[in-house]
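What follows is calculated from the coordinates using simple rules that are stated; it is not laboratory data. Quantities reported herein were computed from a predicted structural model and do not represent experimental measurements. Please note: Cβ atoms are built from the backbone with ideal geometry, for glycine as well, and neighbour counts cover all protein chains shown.
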Amino acid sequence: MQRTEKGLGNWTRAAACLEADAEIFFAQGRTQRALALAICQSCPVRVECRAHAETSPEPYGIWGGVTALERGWSPEGRTMSSAKRRATTSPGRRELAGLSSKAAGSASRG
């Protein structure tokens, strides 16, 4: 995925998704979502990517191995409360993204 937009920084040059089709990171289907998460799993700049998504904010797509829902966004692109986010985000999805429940909780903003 080519990410040369302003504000993303030089870290994108080392991203595992650099040559991937950007559409898989914004797909709704399980297969494409799993592929995107697998790419993120091996990415050397996953932390920087997730930080970007949490500070920008990015209401859609998978960034840094974390879905928009896990970052606190509803499917409509609205922010959700921390309680609602916890209720809709299963621990299994955090593990699939390569994050333990403890790490995901400490890295979240809410």
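Of note:
- Scalar couplings 3J(HN,Hα) for the range 41-49, obtained by applying the Karplus form with A = 6.51, B = -1.76, C = 1.60 to θ = phi - 60°, are 3, 9, 7, x, 10, 4, 5, 5, 5 Hz; x denotes Gly and Pro.
- The distance between label points at Glu23 and Ala51 comes to 3.3 nm (points 7 Å beyond Cα on the Cα→Cβ vector).
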